[in-house]
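Here's the structure we're looking at; comments come further down.
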Amino acid sequence: MIAQTAALETGCGWLDEVLTALDANRALLAGLLADRLPGVGYRRDHATYLAWLDCRGLGLGDDPARAFLDRGRVALNPGLTFGPGGAGHVRLNLATSRAILAEAVERMASVV
């Protein structure tokens, strides 16, 4: 109860900063994908720090995360982990620095 009270009384500024940073990363990712991986589908979702990327247009099969890891050295969550509707998809964590996000997309682009 003490921690919850402290968070509600003093954590709002921190939360606002986190939400602003995540929104900036969503915009950055959208721009990077449009520029470097236009075959990847992405819909900005403001309710999460995770991006669901539709990679079916890249010709990497049902598990593009494997190709990105093996050939691009970038680890993503395989869409297949989330059920049959996840085939051809990957999940990317947006809660990182802009530099790491840009590097990840660049490595993904090197695979295709």
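The values are calculated or read from the model by the stated rules, or taken from the named source; none is laboratory data. As the structure is a prediction and not an experimental result, all values here were calculated from the model. When we count neighbours, we look across all protein chains shown, and the Cβ atoms used for this are built from the backbone with ideal geometry, even at glycine. Note: areas computed on protein heavy atoms with side chains; ligands, DNA, RNA excluded. Shrake-Rupley method; radii C 1.70, N 1.55, O 1.52, S 1.80 Å.
Please find, within region 49-58, the residue that is farthest from Asn93 (Cα to Cα) out of those that are part of a helix (DSSP H, G or I) and open to solvent by 60 Å² or more (accessible area, probe 1.4 Å). By that ranking, first place goes to Gly57.
Is it the case that Asp54 is at pLDDT below 95 and within 13 Å of the chain's Cα centre (by Cα)? So Asp54 fails the test. Inside region 76-85, residues that are assigned to a helix (DSSP H, G or I) and over 21 Å from His46 (Cβ atoms) make up a count of 4. Within region 78-85, identify whether any single residue is closer than 17 Å to Gly31 by Cα, surrounded by 16 or more Cβ atoms within 10 Å (Cβ to Cβ), within 15 Å of the chain's Cα centre (by Cα) and not hydroxyl-bearing (Ser, Thr, Tyr), and answer yes or no. No. Evaluating Thr20 against the criteria (1) free of Cβ contacts under 8 Å to residues at least 12 places away in the same chain; (2) open to solvent by less than 60 Å² (accessible area, probe 1.4 Å); (3) under 21 Å from Ile100 (Cα atoms); (4) of a type outside the set (A, V, I, L, M) leaves one unmet condition, (2). Of the listed requirements (1) without any contact (Cβ under 8 Å) to a residue 40 or more places away in the chain; (2) surrounded by fewer than 17 Cβ atoms within 10 Å (Cβ to Cβ); (3) within 13 Å of the chain's Cα centre (by Cα), Tyr42 misses just one: (2).
Yes/no matrix, rows are residues, columns are (1) surrounded by 14 or more Cβ atoms within 10 Å (Cβ to Cβ); (2) in contact (Cβ under 8 Å) with a residue 40 or more places away in the chain; (3) not in a helix (DSSP H, G or I):
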{"position": "Asn25", "(1), (2), (3)": "yes, yes, no"}
{"position": "Ala30", "(1), (2), (3)": "yes, no, no"}
{"position": "Asp35", "(1), (2), (3)": "no, no, no"}
{"position": "Pro38", "(1), (2), (3)": "no, no, yes"}
{"position": "Ala47", "(1), (2), (3)": "no, no, yes"}
{"position": "Leu60", "(1), (2), (3)": "yes, yes, yes"}
{"position": "Val74", "(1), (2), (3)": "yes, no, yes"}
{"position": "Arg91", "(1), (2), (3)": "yes, yes, yes"}
